[in-house]
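Since the structure comes first, as structure tokens, the remarks are kept for the end.
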Amino acid sequence: MTFRKGNPSYVSCLMKDVLKSWPWYFTSIVATIVYLLMDFYMRKMIGTVADDIIYQKESFMMSFVLLLGSTFLASPFHGISTYTKGRMSEEVLLKLRLAIGKKTTKLSMPYLETHDSGEIISHLGSELDTLNGFTYYGLSMVTTLFVQLIGVTGFMLAVDPEITIVFILLSLLVLPFSILLTKQVRRNEKVYRSQLAKSQQRAKEGINFITLVKAFRLEKMISNQYEKALHQATDAAIKNEKTVAYVAAAGKAIGFIPLTVMIALGVFRIFEGTLTQGELLSLVAIGGGFFSWLQGTPDTVAYLRKAQVACERVYGFLDLPEEENGTETKRHQKDSCMVKIDDVHFAYPGEKEVLYGISMEISEGESVALVGASGSGKSSIIKLICGFITPDSGSVEVMGNPIEDWNKEAMRRNIAFVGQESHLFPGTLRENLLTNHMNIEDEKLMALCKRAGLEALLGERGLDGSVGEAGFQFSGGEKQRITILRALLKDADLILLDEPTSALDAVSEESIQECLRMLTKGKTSLTIAHRMATIKNADRIYVLHQGRIVQCGSHDELFKQEGQYRKMLKLQELKERVI
Ligand SMILES: Nc1ncnc2c1ncn2[C@@H]1O[C@H](COP(=O)(O)OP(=O)(O)OP(=O)(O)O)[C@@H](O)[C@H]1O
Ligand SMILES: [Mg+2]
């Protein structure tokens, strides 16, 4: 894909992509031009044949054969033009679809966290459809405009120069008129596209979180938001339709002027004896065809404006800044500190600071824990280590390299992460466990699944059973156990666990604890947990309070101190006793 930074003309980006399919594009243009010229010739020959009949010329048969011949010869060119246009626009569409898919995985986390996924669905759906229509239909209209003008002028000039000049000048009045009047179509189209994207997002939420929606009776709220966005989109679309209708009606009205003037002048010339009936017929056939084409321009111009908006939205999306990446190819520096965070301050865009001067270290082979109240910034520290967010000040080093020097994809290959929310992808259990085409024997995989308490599940579906859309067919605990196993199988150097046992009951937690011990054994790990039992055995525990590290040490050391850690332990003890 081609991008322009700064003030991009996205239409020219689309043209560059079209030109990458140049064999199809140029063939379509050539075929269309040949077809048009033959069509003009055929129209001219109608008049010639008429004159030959009226004046009983001997050349009648010859003229008639030429008329028929041009009609038959024109047809294959029309077919070639249709196929090559379709082929070219499908190629461009495929490139754009692939680019949008790729871009989605490369966008920065702050963008993804603050934007509706409905926008992306909209780019991939209706906006690409509009662009497809433009590359198929609009582009050839625009590129053959000059051929139309030159062809019409040429063929008509050969019949009667004066009538031709008057006709062309009057006809061209319609073009600026259409351009001026369809200006506001672009503004309405922008509203239409963004509201349509919003309505798609609401519909998606309604489906993905259907249990939540039903449990909290949010149907009305979701459907109100959906309907509101749809109504706003429809209002904008109706405004556009109105504008196009006014312009089209006015265009038709003005349209009669050049044709009427031409016929009047023609009849006058016939009486004068300087024009034959057949020549007038040729002029009307050529001019009339051209004029009906020109009369369609309000629609075409309005359509081009809509395509311009779709183009701006699609290429604007492809032009969004991507996740920052180092240029150097860094590797894990063995014998260096696995993670070193030094005096990091961080605020989410437009929000107040959530991390205040965080400094922490995780050495190779160490098992480190992070505890703190909800909202104290624990997950934000994990995002920092994964390179999902960039510190406002201070430094982060991962596996011996400053994080900004890392190619993030290469860095994350060495990191296994289990998040607060477990997500399964549509596919089989095996596909969900074995990421990056790992090759592990079934026996070993089954044994691991059994140790993770997934025996019953395997009995029902086996490794190649489907997990359903987003893992709908699994319980929260089962999903979490699968995601932990996924991390274990990745065999990464650094393991990040963000509350991995939060959705498990006491029995399941016990069964998974062993797996977690296996997962972290001999590895470097950072574990976030509310339950003290999960992190008691950690080599070091960092206690986070309102974005600051307030304590650091082993469980025994921290337990002896009066402080946040003991307070948290006591609270939990109390809670467990009550339960
Ligand atoms: N994408 C975001 N944009 C803006 N603010 C955010 C974002 N993510 C988190 N925050 C805010 O940053 C603060 C720290 O959030 P974080 O998720 O790191 O907390 P946490 O300690 O993991 O909490 P919990 O234990 O509930 O998971 C919170 O006040 C949260 O509202
Ligand atoms: Mg969290």
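Take the residue pairs LYS228/LYS479; LYS20/LYS408; LYS378/LYS408 and return only those whose Cα atoms are more than 27 Å apart. Violating the 27 Å limit, Cα to Cα: LYS228/LYS479; LYS20/LYS408. Taking packing as the residue-averaged number of other Cβ atoms within 10 angstrom, the listed peptides 349-355, 79-85, 484-490 run from highest to lowest as 484-490, 79-85, 349-355. Size of segment 339-578 from its Cα atoms: along the principal axes, largest to smallest, the extents are 49, 49, 35 Å. Only Cα sites of segment 10-318 enter the Debye sum here, all with the same form factor; the resulting log10 I(q)/I(0) across q = 0.07 1/Å is -0.41, listed in q order. Computed about the Cα centre, the dipole magnitude for segment 339-578 is approximately 500 debye when only Lys and Arg (+1) and Asp and Glu (-1) carry charge, each at its Cβ. Ignoring aspartates and glutamates fewer than eight residues from LYS242 along the same chain, the ones with Cα atoms less than 20 angstrom from its Cα are GLU189, ASP299. Relative to the longest principal Cα axis of the chain, at what angle does helix 277-295 sit, 0 to 90 degrees, rounded to 10? Between the helix axis and the principal axis of the chain, the angle is about 20 degrees.
Considering only DSSP beta bridges whose two residues both sit in the chain, what percent are antiparallel, to the nearest 5? Bridges in the chain that DSSP calls antiparallel: roughly 55 percent.
Taking only the C-alpha atoms of segment 528-570, Rg followed by Dmax gives 9.4, 24 Å. Normalising the average separation of contacting C-alpha pairs (under 8 angstrom, six or more residues apart) by the number of residues puts the relative contact order of the chain at 14 percent. Overall size of segment 240-392 from C-alpha positions, given as principal axis extents largest first: 104, 35, 20 Å.
If R0 is taken as 25 Å, the Cβ-Cβ distance between TYR348 and ASN325 corresponds to a FRET efficiency of 0.75. A straight chain from ILE238 to TYR356 at 0.36 nm per residue would run longer than the Cα-Cα distance by 37.3 nm. Placing +1 on the Cβ of every Lys and Arg and -1 on the Cβ of every Asp and Glu, with nothing else charged, gives segment 81-143 a dipole about its Cα centre of roughly 340 debye. A dipole drawn for the chain from +1 and -1 charges on Cβ atoms has a positive end, and of ILE207, MET45, GLY387 the residue lying farthest that way is ILE207. With contributions of -39500 (n - 2.57) from each DSSP H run of at least four residues, the per-residue ellipticity at 222 nm computed over the chain stands at -20500 deg cm²/dmol.
Within the shell defined by Cβ-Cβ distances under 10 Å, the residues around GLU421 carry a net charge of -1, with Lys and Arg each +1 and Asp and Glu each -1. Taking other C-beta atoms within 10 angstrom as a stand-in for reagent exposure, ILE100, ILE382 fall in the order ILE100, ILE382, fewest first.
Within the shell of other residues whose beta carbon sits under 13 angstrom from the beta carbon of GLU91, the net charge comes to +3, with Lys and Arg scored +1 and Asp and Glu -1.
FRET efficiency for the VAL142 to LYS106 pair, using the beta carbon distance and R₀ = 45 Å, is estimated at 0.85. Helix 10-20 and the longest principal axis of the C-alpha atoms of the chain enclose an angle of approximately 80°.
Neighbours of ILE528, meaning other residues whose beta-carbon lies under 10 angstrom from its beta-carbon, give a summed charge of -1 when Lys and Arg score +1 and Asp and Glu score -1. Applying 1/(1 + (r/R0)^6) with R0 = 56 Å to the Cβ-Cβ distance of ASP442 and LEU169 gives a FRET efficiency near 0.10.
With contacts taken as Cα pairs under 8 Å at a separation of at least 6 residues, segment 10-318 carries a relative contact order of 30 percent.
Semi-axes of the equivalent ellipsoid for the chain, computed as √(5λ) from the eigenvalues of its C-alpha gyration tensor and ordered from largest down, come to 71, 24, 22 Å.
FYI, it's all coordinate maths here, none of it is from the lab. Small disclaimer: the values here were computed from a predicted structure and weren't measured. Because the Cβ atoms are built from the backbone with ideal geometry, glycine has one as well, and the counts that use them run over all protein chains shown.
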